Every structure is written in structure tokens, then in C-alpha cells.
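Q: Here it is, the structure, as C-alpha cells.
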Amino acid sequence: QVQLLESGGGSVQAGDSLRLSCRASKRTFSTVAMGWFRQAPGKEREFVATIKWSPTTAMYTDAVKGRFTISRDDAKNTVYLQMNSLKAEDTGVYYCAAGRSDSQRGTDEYDYWGQGTQVTVSS
């Protein structure tokens, strides 16, 4: 069982930045992909970004390419999502998820989820 704890959400203005963190309860990063998803009110949960540890590769949804960066710190069992140039449409609850070695964009490819952290961007 892996427990995930997100932090770093908040309310900001359009154009601002936030960094989300997700700390895992145990080190599994060498074998799994870690992803970030988000869910806006009234919408389905959608893929934002994912990172694999070995080799280190990242994947993003088109809407955040060039603005968001996913990274990880092995020593801290933590994955980050740096969000720059935030837009109102980035508003939602952001979830961290732990998947399998071949997990990519699908929510059904991830086995463990955090409780979510709210991001609100005002225009």
C-alpha cells in the first residue's frame, strides 16, 4: 500500500505560479510512474503530467506544455509539479497518483491516489 500526500495548492491570480508537492509513504519510484491529474467542477478527472524514474521521461497534456514541469526527488520520495503562467482554466483539484512502470495518461493506469489539493486561479 502506498500513501500519497499532496500539498502546495492555493488561490492565485492569472499569470502567477504554484508548486505542488506529493510525498509517497515508501520508495517505489524506481519501478513506477508518478502522475498528476486534475478535476474541475462538473468535469471528469483529466491527465496533466507523468514522470517515470528509469529512464526519466516526462509526458504532459497539450494544455500545460511549456508552462508546467514535473520532477522528482528520490531522496525525499517526492514528486513536484511546477505550474507557471497559470490560467483560470487550470482551476481544479489536483491529484497525485502512483501507477505502474508503463502507466501513461489513463486514470485506470494508476493504482494509488492522494486526497487532492485545490488550485484556484482568478482571471
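Q: Across the chain, how many lysine pairs, 8 or more apart or on two chains, come within less than 20 Å at their alpha-carbon atoms?
A: Summing the qualifying lysine pairs gives 6.
Q: Quick check on packing: order 69-77, 92-100, 111-119 by the mean number of other C-beta atoms within 10 Å, highest mean leading.
A: Details: 69-77: 14.2, 92-100: 21.7, 111-119: 17.1.
Descending packing order for the listed peptides: 92-100, 111-119, 69-77.
Q: Here's something else I'd like to know. Step by step: find N for the range 30-87, compute 2.2 N^0.38 Å, then divide the Cα radius of gyration by it. What's the final number? Before the final figure, lay out each step's value.
A: Values: Rg = 12.1 Å, N = 58, 2.2 N^0.38 = 10.3 Å.
That works out to 1.18 for the range 30-87.
Q: Ignoring ligands, DNA and RNA, what percent of the 1.4 Å accessible area of the chain is carbon and sulfur?
A: On the way: 2710 of 6250 Å².
The value for the chain is 43 percent carbon and sulfur by accessible area.
Q: Using only the Cα atoms of the range 13-109, what do you get for the radius of gyration and for Dmax, in Å?
A: Using the Cα atoms of the range 13-109, the pair Rg, Dmax is 12.9, 37 Å.
Q: I'd like to check one number: the per residue accessible area of the chain, probe 1.4 Å, reported in Å² as a whole number.
A: On the way: 6250 Å² over 123 residues.
Result: 51 Å² per residue.
Q: What distance in nm separates the two pseudo spin-label positions at Gln1 and Gln39, each 7 Å out from Cα along the beta-carbon direction?
A: 2.1 nm
The values are calculated or read from the model by the stated rules, or taken from the named source; none is laboratory data. Note that the coordinates shown come from a computational prediction; the quantities given were computed from them, not determined experimentally. For neighbour counting, all protein chains shown are included, and Cβ atoms are generated from backbone atoms with ideal geometry for every residue, glycine included. Each accessible area value is taken on the protein alone, full model and side chains, heavy atoms only, with ligands, DNA and RNA left out. Shrake-Rupley method; radii C 1.70, N 1.55, O 1.52, S 1.80 Å.
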